[in-house]
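Undergrad: After the structure tokens below, expect a handful of questions from me.
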Protein chains: 2
Amino acid sequence: MARIPVSSARERILDAAADLFDRYGVHAVGMQRIIDEAGCGKNLLYREFSSKDELVVAYLRRAARGWDITLEAARATVATPQRQLVELVRVVGERVPGTRGCPLRNTYAEFPDRDHPAHQVALEHFGAVREQLCELARQTSAPAPERLADRILLIINGLYINASGVGAEESAAIAVQLAQDVVRGETAAKASRSGVS
Amino acid sequence: MARIPVSSARERILDAAADLFDRYGVHAVGMQRIIDEAGCGKNLLYREFSSKDELVVAYLRRAARGWDITLEAARATVATPQRQLVELVRVVGERVPGTRGCPLRNTYAEFPDRDHPAHQVALEHFGAVREQLCELARQTSAPAPERLADRILLIINGLYINASGVGAEESAAIAVQLAQDVVRGETAAKASRSGVS
DNA sequence: ACGCTAGCAGACCGATCGGTCCACCTCTCA
DNA sequence: TGAGAGGTGGACCGATCGGTCTGCTAGCGT
């Protein structure tokens, strides 16, 4: 068998694990299955990741990094912060069909224990996303940027759940439309009846 | 030990299981723990529920029934279908703090296998909810009732995820506000720029 | 050409899983 | 009061879990 550079081993294992976790869930996938899929020995896997928990954390961190990249791409693709918020929803809706939704949110649901590292990584990510959305919203003319950010977050979260069932494409379209309306409504000069706070 | 009427045994076990499933997730809870919590023998449990899967399904069906009751209550509490849609969001937001979110949605995330009965029950419920919301939306003056229903569903789903982390109360307020705005916007005479369909 | 090392394969471990079965106890009713 | 139904507690089963350890093979550098 061809000698593969050591540095790639970690990524190869992580690829296999991510694919299986995404498809079947973390609990449902045993380490042996990951090993089989990655085509490596147990030794190598446990040298790179000292436990399953550590592997799961690495999986989640990579997913979180993926989100950050998505955000950066949205910022680069579209000019105004208003459109960037909508673009984020659009990209999520574009990617979610055919998947089980968001790895972080799914794994979070699988590990309710507050002390579990996977739970903590997910929570940390959710906080970061909210902060990113707030930052974007503050760059708009919205009088209540945090409310705008929370509304977009609500839409994104809803989209992730909605799309994991049937009708992913329709859900995506609905979410993007709603995001457009929300951004337009929130950045309109007049304060909405719902109040500024 | 006092003889407890047999008919209540099933409910007692289901109560214990639901409490544990809600708090720790289905995978994380073993049958022995449910038995300990319910204070019954293994025999009785396996007579009422022939397998863990069956117990999980019963747990989900009861949660789905709970939703139906909530819907009925919202219909009884508030007069117009517009306010009923908002009321639904309000009640969900009111109940979700301190919980891990929606049992059906969480368990759905835990059982991605399409063939698993728990997965099917959850999917069935999601479809029913969407249909209920559509029916409510059709009773409003909204020119695109299905879009209204999908938007409310998006908000409810987003709320369930949002609130399972930190800041449940704030998320609830955000969701209710957004639901109000959405209902108002969708039932306004003029068609939104987003188009009717 | 040969030793060294990295990595695959798999035996093995204790713990725990869902599920079955049996012994004993307790309450009911004749 | 004694037989029997119903239920608890726990031993027990095979399978599988995460994780460790030991060969053995294949490729490299000298």
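Undergrad: Hey, what number do you get for chain A at 222 nm if only DSSP H runs of n ≥ 4 count, each worth -39500 (n - 2.57), divided across all residues, to the nearest 500?
TA: The helix contribution divided over chain A gives -24500 deg cm²/dmol.
Undergrad: Oh, and also: Between B:Glu37 and A:Glu131, what is the label-to-label distance in nm when each label sits 7 Å out along the Cα-to-Cβ direction?
TA: Result: 3.5 nm between the two label points.
Undergrad: Could you please tell me the mean projected area of the C-alpha convex hull for the protein assembly as shown, averaged over all directions and given in square nanometres to one decimal?
TA: If you wrap the Cα atoms of the protein assembly as shown in a convex hull and average its projections, you get 22.7 nm².
Undergrad: Find how much the distance from A:Thr99 to A:Asp115 grows on full extension, using 0.36 nm per residue of separation minus their present alpha carbon separation; answer in nm with one decimal.
TA: Stretched fully, the A:Thr99-A:Asp115 segment lengthens by 3.0 nm.
Undergrad: Please arrange B:Glu124, A:Glu87, A:Glu135 by accessible surface area, largest first, computed with a 1.4 Å probe and ligands excluded.
TA: Heavy-atom accessible area, descending, gives B:Glu124, A:Glu135, A:Glu87.
Undergrad: Highest mean first, what order results for A:39-50, A:164-175 on Cβ atoms within 10 Å?
TA: In descending order of packing, they fall as A:164-175, A:39-50.
Undergrad: So, R0 is 30 Å and r is the distance between the beta-carbons of B:Thr70 and B:Arg138; what FRET efficiency does that work out to, to 0.05?
TA: With a Förster radius of 30 Å, E is 0.95.
Undergrad: Same structure again: With all protein chains present, how much of the accessible area of the range B:8-50 (probe radius 1.4 Å) comes from carbon and sulfur, to the nearest whole percent?
TA: Answer for the range B:8-50 is 45 percent, counting heavy atoms of protein chains only.
Undergrad: With r defined as the distance between the Cβ atoms of A:Arg184 and B:Tyr24 and R0 fixed at 56 Å, what FRET efficiency is calculated, to the nearest 0.05?
TA: With R0 = 56 Å, the Cβ-Cβ based efficiency is 0.85.
Undergrad: To check my understanding: the extent here is largest minus smallest coordinate of the Cα atoms along each principal axis. What are those three numbers for the range A:1-102, in Å, largest first?
TA: So the extents along the principal axes, rounded to whole Å, are 50, 29, 23.
Undergrad: Something else now. If amide hydrogens are placed 1.01 Å from N in the peptide plane, which non-local residues have theirs closer than 5 Å to the one on B:Val29?
TA: Residues meeting the criterion, in which the H sits 1.01 Å from N, do not exist here.
Undergrad: Report Rg(Cα)/(2.2 N^0.38 Å) for the range A:79-165, keeping two decimals.
TA: 1.16
Undergrad: In whole Hz, with x marking every Gly and Pro, tabulate ³J(HN,Hα) for the range B:40-49 from phi via Karplus 6.51 cos²θ - 1.76 cosθ + 1.60, θ = phi - 60°.
TA: 10, x, 4, 3, 4, 4, 6, 7, 7, 10
Undergrad: Calculate how steeply helix B:81-95 sits against the longest principal axis of the alpha-carbon atoms of chain B, using the helix alpha-carbon long axis, and give the answer as 0 to 90 degrees to the nearest 10.
TA: Once rounded, the angle reads 40 degrees.
Undergrad: Mind checking the full-extension length gain between A:Ser51 and A:Thr80? Use 0.36 nm per residue of separation minus the Cα-Cα distance, one decimal, nm.
TA: Computed gain between A:Ser51 and A:Thr80 is 6.0 nm.
Undergrad: Relative to the compact-globule scaling 2.2 N^0.38 Å, provide the ratio for the alpha-carbon radius of gyration of the range A:70-114.
TA: So the range A:70-114 has a normalised radius of gyration of 1.46.
Undergrad: Over both sides of the A-B contact, add up the buried accessible area with a 1.4 Å probe and give it to the nearest 100 Å².
TA: Chains A and B together bury roughly 3200 Å² of accessible area.
Undergrad: Semi-axes of the range A:8-50's equivalent ellipsoid from the Cα gyration tensor, sqrt of 5 times each eigenvalue, largest first, rounded to whole Å?
TA: Semi-axes (√(5λ), whole Å): 16, 10, 8.
Undergrad: What ³J(HN,Hα) values, in whole Hz, does the Karplus curve 6.51 cos²θ - 1.76 cosθ + 1.60 give for the range B:136-153 when θ = phi - 60°, with x put for Gly and Pro?
TA: 4, 5, 5, 7, 8, 8, 4, x, 10, x, 5, 5, 4, 4, 5, 5, 5, 4
Undergrad: Taking the square root of 5 times each eigenvalue of the Cα gyration tensor, what semi-axes in Å does the equivalent ellipsoid of chain A have, largest first?
TA: 37, 16, 16
Undergrad: I want to check the label-to-label distance for A:Leu44 and A:Arg62. Put each point 7 Å from Cα in the C-beta direction and report it in nm to one decimal.
TA: A separation of 1.4 nm, rounded to one decimal place.
The values are calculated or read from the model by the stated rules, or taken from the named source; none is laboratory data. Owing to the predicted nature of the structure, the values given are computational and were not obtained by experimental measurement. Using ideal geometry, Cβ is built from the backbone for each residue, glycine included, and neighbour counts are taken over all protein chains shown. Heads up: the accessible areas ignore ligands, DNA and RNA and are worked out on the full protein's heavy atoms, side chains in. Shrake-Rupley method; radii C 1.70, N 1.55, O 1.52, S 1.80 Å.
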